[in-house]
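Engineer: I'd like to ask you about the structure that follows.
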Number of protein chains: 2
Amino acid sequence: MLSKNRIKYIRSLEMKKYRKAEKAFLAEGNKLVNDLLGHFSCKLLIATAQWLEAHPLLLAQETIEVSAEELARASLLKTPQEVLAVFELPSYTYDDSLPGHSLCLALDDVQDPGNLGTIIRIADWFGIEDIFCSQGTADAFNPKTVQATMGALARVKLHYCDLKEFIRVQTERNVPVFGTFLDGKNIYSQELSAQGVIIMGNEGNGVCKEIEALVSQKLLIPNYPQGKDTSESLNVAVATAIVCAEFRRRPS
Amino acid sequence: MLSKNRIKYIRSLEMKKYRKAEKAFLAEGNKLVNDLLGHFSCKLLIATAQWLEAHPLLLAQETIEVSAEELARASLLKTPQEVLAVFELPSYTYDDSLPGHSLCLALDDVQDPGNLGTIIRIADWFGIEDIFCSQGTADAFNPKTVQATMGALARVKLHYCDLKEFIRVQTERNVPVFGTFLDGKNIYSQELSAQGVIIMGNEGNGVCKEIEALVSQKLLIPNYPQGKDTSESLNVAVATAIVCAEFRRRPS
């Protein structure tokens with residue numbers, strides 16, 4: 001049985017200030033909850049009897065069995081699933097030297113929670129474990145983002161930081177900083193590396209001027225056919241995918 | 001001034017049955033409306049005085065000047081823009097032989113309107129002018145799809161058809177049919193072509209078995225590092241982007 005207060009608590013996690021205050025985030029659905037259970041501490045698990053029966057070995061601080069109707073009242077999804085869980089927000093530490101020995105992503109004010117979730121999923125697929133985000137980037141624990149990651153959030157760490165300062169430090173240490181720009185060089189002809197930072201910008205405005213000035217290799221994803229009007233553009237998650245695929249390209 | 005009936009008419013275009021009955025679709029926002037105005041016949045244009053002043057040379061069957069508040073009442077967007085337009089639904093014809101001389105996309109029950117819009121935008125970027133869709137694929141003129149195309153809908157034609165039959169015909173004619181599958185061959189080692197069909201499947205279930213059996217070249221987008229657990233997957237729009245980029249790859 002779910003009290004009104006519980007439902008209010010769960011639904012409040014849609015908002016960042018409540019996630020911060022409660023140090024908690026919400027995830028819904030069988031695959032996602034299962035993926036996250038092994039990686040984050042589960043504060044509260046709410047599921048149907050059928051789901052709980054099928055998953056007897058779960059570690060949650062508290063488990064509540066509910067009917068599908070009750071679960072739907074707490075759910076933020078259009079199509080509520082049979083399970084919903086509240087996890088503890090993780091606190092990651094990082095050091096500035098990470099991009100010196102591994103490939104990282106950096107996001108400069110990516111606004112759309114769905115785009116952010118898709119980017120986290122792309123990072124996971126291409127073995128990128130750390131994403132550095134400007135403070136203006138959407139919150140990774142927004143329920144829309146969590147759902148769009150499809151569990152990748154369990155394997156990719158997001159670090160919110162002063163991104164300009166972070167990139168400045170990388171440049172100082174001669175760590176390569178990559179980004180896509182319309183005046184960049186054809187990505188397929190450039191030497192890419194297994195270390196460094198790939199920076200992706202805001203949906204409308206791209207990468208801010210200060211950070212653009214710090215980019216050491218400007219890349220272009222060429223459109224087709226050559227010379228076509230380039231007034232159109234690619235969605236930021238799509239561009240991230242094409243760039244990451246190229247960095248991780250390995251013909252068998 | 002917008003009557004209640006007008007507002008009802010505009011908002012009804014969110015639903016496919018009304019779009020079909022009215023042979024009309026809705027687009028919102030300055031860039032999108034401008035992009036579409038050159039390609040589709042505009043039945044109704046609703047905009048603020050300021051927008052109309054800045055765009056004096058417009059061809060619409062009817063133009064209504066409104067306040068921002070009035071426009072917001074008709075808008076389906078969370079953040080209404082200064083212009084909204086109703087266009088005539090186009091009717092495209094196609095012939096089965098198209099994939100014999102150009103690269104086309106085919107979508108087998110792609111469900112999410114946002115994914116479909118992103119895929120149309122990707123097709124535009126990579127010079128793919130025709131997309132063949134199963135009848136179960138989301139409608140390209142769903143307002144969410146229209147908005148996500150960012151104007152690409154003006155340059156890419158969508159053909160809803162009996163996709164199994166369409167693909168069967170291609171196979172009979174030895175036109176190559178490509179698709180991504182977990183048991184496919186590394187895309188970076190395969191010979192790709194400038195003609196044929198790239199088929200992408202439903203978000204949850206992929207390509208249906210009958211069509212999979214007709215695919216002549218099964219491709220795999222390798223994840224990184226090699227041998228990593230592949231329980232995760234890529235979003236269908238993201239996979240489409242990586243595949244199209246590879247087909248259109250041209251190092252300068």
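The values are calculated or read from the model by the stated rules, or taken from the named source; none is laboratory data. Note that the structure is predicted; figures quoted are calculated from it, not measured. Here the Cβ is made from the backbone with ideal geometry for all residues, glycine too, and neighbour counts use every protein chain on show. The protein model used for the area step is the full one, side chains on, heavy atoms only, and it has no ligands, DNA or RNA in it. Shrake-Rupley method; radii C 1.70, N 1.55, O 1.52, S 1.80 Å.
Engineer: Using the Cα centre as the reference, give the magnitude of the dipole from point charges on the C-beta atoms of chain B (Lys, Arg: +1; Asp, Glu: -1; all else neutral), rounded to the nearest 20 debye.
Structural biologist: Magnitude of the dipole: close to 240 debye.
Engineer: Right, next: Run the helix sum for the protein assembly as shown: -39,500 (n - 2.57) per DSSP H stretch of 4+ residues, divided by residue count, reported at 222 nm to the nearest 500 deg cm²/dmol.
Structural biologist: One gets -9000 deg cm²/dmol as the mean residue ellipticity at 222 nm.
Engineer: Would you work out the charge dipole size for the protein assembly as shown about its Cα centre, treating the Cβ of every Lys and Arg as +1 and the Cβ of every Asp and Glu as -1, and quote it to the nearest 20 debye?
Structural biologist: Result for the protein assembly as shown is approximately 460 debye, rounded to the nearest 20.
Engineer: Quick one: helix A:236-247 against the long Cα principal axis of chain A, what's the angle to the nearest 10°, folded into 0 to 90?
Structural biologist: 60
Engineer: Put a label point 7 Å from Cα along the Cβ direction on B:GLN50, then list its distances to the equivalent points in the other copies in nm, shortest first.
Structural biologist: Those separations, rounded to one decimal, come out as 5.3 nm.
Engineer: Tell me the distances, shortest first, between B:GLU65 and the same position across the other copies, using label points 7 Å along Cα→Cβ, in nm to one decimal.
Structural biologist: Listed shortest first, these distances are 6.8 nm.
Engineer: Give the carbon-plus-sulfur fraction of the accessible surface of the protein assembly as shown in %, rounded to a whole number; probe 1.4 Å, heavy atoms of protein chains only.
Structural biologist: Roughly 50 percent, rounded to a whole number.
Engineer: What fraction of the DSSP beta bridges in region B:98-247 is antiparallel, stated in percent and rounded to the nearest 5?
Structural biologist: Approximately 5 percent, going by the DSSP bridge assignments.
Engineer: Antiparallel versus total DSSP beta bridges in region B:1-119: what percent is that, nearest 5?
Structural biologist: 70
Engineer: Just to check I understand the Karplus step: with θ = phi - 60° and J = 6.51 cos²θ - 1.76 cosθ + 1.60, what whole-Hz values come out for region A:150-162, glycine and proline as x?
Structural biologist: 6, x, 4, 4, 6, 10, 10, 9, 9, 10, 8, 8, 6
Engineer: Out of the DSSP beta bridges found with both residues in the protein assembly as shown, what percent are antiparallel (nearest 5)?
Structural biologist: 30
Engineer: Here is a further query. In square angstrom and rounded to 100, what buried accessible area do you get between chains A and B, total over both, with the probe at 1.4 Å?
Structural biologist: Buried area between the two chains comes out at roughly 3800 Å².
Engineer: How big is region B:74-188 in terms of Cα radius of gyration and Dmax, in angstroms?
Structural biologist: That works out to 15.7, 50 Å for Rg and Dmax.
Engineer: If you filter region B:100-205 for trypsin sites (Lys or Arg not before Pro), then keep DSSP loop positions with at most 15 other Cβ within 10 Å, what is left?
Structural biologist: B:ARG173
Engineer: Could you pull the copy-to-copy label distances for A:PHE181, with points set 7 Å along Cα to Cβ, in nm to one decimal and sorted shortest first?
Structural biologist: Those label-point separations list as 4.4 nm.
Engineer: Additional query: Using the heavy atoms of the protein chains alone and a 1.4 angstrom probe, what is the accessible area of region B:98-247 per residue in square angstrom?
Structural biologist: On a per-residue basis, region B:98-247 sits at 36 Å².
Engineer: Moving on. Over 5 Å intervals from 0, what percent of Cα-Cα pairs in region A:4-88 sits in each interval?
Structural biologist: 3, 16, 29, 28, 18, 6, 1
Engineer: Using Stokes-Einstein with the Kirkwood hydrodynamic radius over Cα pairs, what translational diffusion coefficient do you get for chain A at 25 °C and a viscosity of 0.890 mPa s, in µm²/s rounded to a whole number?
Structural biologist: This corresponds to a translational diffusion coefficient of 126 µm²/s.
Engineer: Still on this structure: In region A:1-102, if the dipole is taken from +1 on Lys/Arg beta carbons and -1 on Asp/Glu beta carbons about the Cα centre, which of A:HIS39, A:LEU52, A:VAL86 is farthest to the positive end?
Structural biologist: A:VAL86
Engineer: Restricting things to alpha carbons, find the Rg to Rh ratio for the protein assembly as shown using the Kirkwood radius for Rh.
Structural biologist: Radius of gyration over Kirkwood radius for the protein assembly as shown works out to 0.97.
Engineer: Here's something else I'd like to know. What does the extension gain come out to for A:MET1 and A:ASN30, with contour length at 0.36 nm per residue minus their alpha carbon separation?
Structural biologist: Difference between extended and current length: 8.4 nm.
Engineer: Only Lys, Arg, Asp and Glu count, each charged at its Cβ (+1, +1, -1, -1), so figure out the dipole size of region B:4-88 about its Cα centre, rounded to 20 debye.
Structural biologist: So the dipole magnitude of region B:4-88 works out to roughly 620 debye.
Engineer: Measure up B:LYS164/B:LYS218; A:LYS144/B:LYS144; A:LYS23/A:LYS144; A:LYS16/B:LYS16 against 27 Å on the Cα-Cα distance and list the ones that go over.
Structural biologist: Over 27 Å Cα-Cα: A:LYS16/B:LYS16.
Engineer: At R0 = 41 Å, how high is the FRET efficiency between A:SER193 and A:LEU89 if r is their beta carbon distance? Nearest 0.05 is fine.
Structural biologist: Working from the Cβ atoms, E equals 0.80.
Engineer: Report the label-to-label distance for A:LEU58 and B:ARG11 in nanometres (one decimal), using points 7 Å from each Cα along the Cα→Cβ vector.
Structural biologist: Label at A:LEU58, label at B:ARG11, 3.8 nm between them.
Engineer: Along the positive direction of the dipole of chain A (beta-carbon charges: Lys, Arg +1; Asp, Glu -1; about the Cα centre), which of A:THR137, A:LEU71, A:THR149 reaches farthest?
Structural biologist: Result: A:LEU71.
Engineer: Say each of A:ASP162 and B:ARG73 gets a label point 7 Å from the Cα, pointing the same way as Cα to Cβ; how far apart are those two points in nm?
Structural biologist: If labels sit at A:ASP162 and B:ARG73, their model points lie 4.9 nm apart.
Engineer: Also: From the phi of every residue in region B:203-217, what ³J(HN,Hα) in whole Hz does the Karplus formula 6.51 cos²θ - 1.76 cosθ + 1.60 yield, where θ is phi - 60° and glycine or proline is x?
Structural biologist: Computed from phi, the couplings for region B:203-217 are 4, x, 10, x, 7, 5, 4, 4, 6, 3, 5, 9, 5, 8, 9 Hz.
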